[in-house]
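The values are calculated or read from the model by the stated rules, or taken from the named source; none is laboratory data. On a predicted model such as this, the values are computed, not experimentally measured, just so you know. With ideal geometry, Cβ positions are generated from the backbone for all residues, glycine too; neighbour counts draw on all protein chains shown.
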Amino acid sequence: MRRWLNITALFAALALVALTLACGGEEETAPSTGASGEDLTLGGGNRGGGGDGVFRRLWQEPPTLDPHEAGDTTSAGIIVEVFSGLVTLNTALQVAPDLAERWDVSEDGKTYTFHLRRDAKFHDGKPVTAEDVKYSFERATDTATQSPEASAYLDDIVGVLPKLAGQADEVSGVRVIDTHTVEIAINEPKPFFLAKLTYPTSYIVDRENLESEGDDWVFKPNATGPFKLAEYRVGELIVLERNEHFYGGPALLDRVELILSGGSAMAMYENGEIDITGVGLSELDRVSNPLEPLNAEVVVAPPGFDLAYIGFNLSEPPFDDANFRRALAYAIDKETIAHRVLLELVVPATGILPPDFPGYNPAVQAPGFDPAKAQELMAQSKYAGGAPRIVVTIPGTGGSAGLDLQAILEMWEDTLGLTVELQQVETATYWDDLNDGRLQAFAGLGWQADYPDPQNFLDILFHSESQLNQSGYSNPEVDRLLEAARVEQDWETRKALYNDAEQLIVDDVPWVLLWFSGENIVLLKPYVRGYALTPLIVPKLKDVWIEGR
């Protein structure tokens, strides 16, 4: 959910790190990640006892609340609480029933039959039907919707690609069987297909709601999730209110208040204006002191399944030369930056898949710090005599580059004699330029996984035909391995295919891999109970309650 994280903002203050980490059936998409809802859930005692039933936190303005248009973690963190899909990820990161109470899979693994819950309703009490499911998939793949994610997250479904190309009027692979049964046909048997359906692009919307409200429907969505959007004051406040019709039982909270107007997170937390906050570098020593009263409210959040990087446009000089890119990677002392600059709140990335993520293999190793090797590779590149002007672009306005990026640019100058310009542009412009291939090099963002399967990193980001392959990276052998892994049913064989592909990718250096999340320090009020800190964005506020505020 996208999964695209604003790393510039994170490392400039590191006050939102932990907050960004929080977007039945017969088959499993991958072995367990080792995470469990019980291990990550905070609090205990009897639910619902006392308090005002309101959970408050700082948030950023979401780019959209339309699930079919969302592609960022800020939007997704709200969308997963207001909308829902056929299936979901629970706090143990397992695919679980949602609007569909169960599903059947054909013997060839290419047809899924979903049986909807009879008690599934929209916020206004109207029943959810198979026609609603069909409409939602049609809308997500309509050219007028311009979903940035449909091609990556729905392309397994028969008929989606022709629909996205404007060559078909419907998604032929989604078929209504009866009021409570819908069938989805996919092009090949893929063990990660159900997990992909947990992404918001697959969420269900109400056709009547969209048609009656027009473009303003996202401010009055008649959705199906555990919370309703009760109030949205742009730039000020979003209020979510308990959905009494929720098929999983009403939420324990009365409402959630997301403050968009900004402010000092630490000051607001200490004043009781918000109930949770991440801890920035400037406050880390204070809250870590056992003599400090706030120390009793410190919680360690698990590392997120995310990766920060600097990306290169491989069609643009000097990044069209593999040795030049490798030289840049070998010139970065990530261990020193992580320790001295970022105070070990991050872990230097040695590969693409984060530790504890399914498919992670410590044997996969990207280039490490070796100044002599960096200089040798630079001499072997076609830019040994001098590189063209290099500009690294980051998103945002009025801020500064993260301390880590500043340190990296200094290392490139000291080791390789390169002077690299840093350019900051407004976020919307950044995305337009990046998607249109106009950026020479890009930084300030990271990728957060949407579901626990290596396909969500390696295939979606590096297959030559993926629309989310922002670098234009292409390696026929990598494509072959990724395509074989898509349909491989044996997990160990799939894992080996992904590991081979991952090593080839990191050797080619389409990105300079920077950081995985480390354990993050969070302050949480003691009266907040049942709050799960998870490495992926999943719906979880339904089971939070306030006790004795």
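Residue check: Ile537 meets all listed conditions (1) surrounded by fewer than 23 Cβ atoms within 10 Å (Cβ to Cβ); (2) of a type in the set (A, V, I, L, M); (3) in a loop (DSSP other than H, G, I, E, B) but one, namely (1).
Determine if region 107-114 includes at least one residue that is modelled with pLDDT of 95 or more, of a type outside the set (Ser, Thr, Tyr) and surrounded by 20 or more Cβ atoms within 10 Å (Cβ to Cβ). The answer is yes, given that some residue of region 107-114 is modelled with pLDDT of 95 or more, of a type outside the set (Ser, Thr, Tyr) and surrounded by 20 or more Cβ atoms within 10 Å (Cβ to Cβ).
Scanning region 323-344 for residues that are among the acidic types (Asp, Glu) and at pLDDT 95 or above, we see that the one that is surrounded by the most Cβ atoms within 10 Å (Cβ to Cβ) is Asp333. Considering (1) over 19 Å from Ala532 (Cβ atoms); (2) touching a Gly at 6+ places or on another chain (Cβ under 8 Å), the lone condition that Gly85 does not fulfil carries the number (2).
Restricting to region 268-285, and then to whatever is at pLDDT 95 or above and assigned to a helix (DSSP H, G or I), can you tell me which residue is farthest from Leu524 (Cα to Cα)? Outline the logic, then answer.
Filtering region 268-285 for residues at pLDDT 95 or above gives 268-277.
When the remaining residues are screened for being assigned to a helix (DSSP H, G or I), the result is 268-270.
On the way: Met268: 12, Tyr269: 9, Glu270: 11 Å.
Only one residue fits best here, namely Met268.
Which one is surrounded by the fewest Cβ atoms within 10 Å (Cβ to Cβ), of the residues in region 144-183 that are within 24 Å of the chain's Cα centre (by Cα) and among the β-branched types (Val, Ile, Thr)? I'd like the intermediate steps shown before the answer.
To start, the set of residues in region 144-183 that are within 24 Å of the chain's Cα centre (by Cα) comprises 145-157, 160-161, 164.
In the following step, the residues that additionally are among the β-branched types (Val, Ile, Thr) were identified as 145, 157, 160.
Working: Thr145: 16, Ile157: 25, Val160: 24.
The selected residue is Thr145.
Scanning region 132-143 for residues that are under 29 Å from Ala485 (Cβ atoms) and touching a helix residue (DSSP H, G or I) at 6+ places or on another chain (Cβ under 8 Å), which turns out surrounded by the fewest Cβ atoms within 10 Å (Cβ to Cβ)?
Our first condition is that a residue be under 29 Å from Ala485 (Cβ atoms); within region 132-143, this holds for 133, 136-137, 140-141.
Pick out the ones that are also touching a helix residue (DSSP H, G or I) at 6+ places or on another chain (Cβ under 8 Å) and you get 136-137, 140-141.
Values: Ser136: 24, Phe137: 26, Ala140: 26, Thr141: 27.
Ranking the candidates gives Ser136 first.
Do we find a residue being assigned by TED's automatic domain parsing to the domain that holds Val341, more than 25 Å from Val87 (Cα to Cα), of a type in the set (A, V, I, L, M, F, W, C) and out of contact with any strand residue (DSSP E or B) (no Cβ under 6 Å at 6 or more places or on another chain) anywhere in region 488-496? Within region 488-496, one or more residues are assigned by TED's automatic domain parsing to the domain that holds Val341, more than 25 Å from Val87 (Cα to Cα), of a type in the set (A, V, I, L, M, F, W, C) and out of contact with any strand residue (DSSP E or B) (no Cβ under 6 Å at 6 or more places or on another chain).
One residue alone among Ala338, Ala296, Ala327 is more than 27 Å from Gln448 (Cα to Cα), of a type in the set (A, V, I, L, M) and in a helix (DSSP H, G or I), and that residue is Ala296.
Selection of region 232-247 for residues being among the aliphatic types (A, V, I, L, M) and surrounded by fewer than 16 Cβ atoms within 10 Å (Cβ to Cβ) yields Val234, Leu237.
The combined condition, being of a type in the set (D, E, K, R), out of contact with any helix residue (DSSP H, G or I) (no Cβ under 8 Å at 6 or more places or on another chain), surrounded by fewer than 22 Cβ atoms within 10 Å (Cβ to Cβ) and under 30 Å from Glu344 (Cα atoms), is not fulfilled by Glu547.
For region 476-495, the set of residues classified as part of a helix (DSSP H, G or I) and over 15 Å from Asp459 (Cβ atoms) consists of Trp491, Glu492, Thr493, listed by residue number.
Assessment of region 403-412 against the conditions (surrounded by fewer than 16 Cβ atoms within 10 Å (Cβ to Cβ), small (Gly, Ala, Ser) and over 30 Å from Lys196 (Cα atoms)) yields no matching residue. The numbered conditions (1) of a type outside the set (Gly, Ala, Ser); (2) surrounded by 24 or more Cβ atoms within 10 Å (Cβ to Cβ); (3) farther than 30 Å from Gly272 by Cβ; (4) modelled with pLDDT of 95 or more are all true for Asp450 except (4).
Take the residues of region 248-267 that are in a strand (DSSP E or B) and not basic (Lys, Arg): which is nearest to the chain's Cα centre (by Cα)? So that I can check it myself, show each step before the final result.
Applying the first criterion (in a strand (DSSP E or B)) to region 248-267 yields 255-259.
If we keep only those that are not basic (Lys, Arg) too, we end up with 256-259.
Working: Val256: 22, Glu257: 22, Leu258: 19, Ile259: 21 Å.
Going through the qualifying residues, I end up with Leu258.
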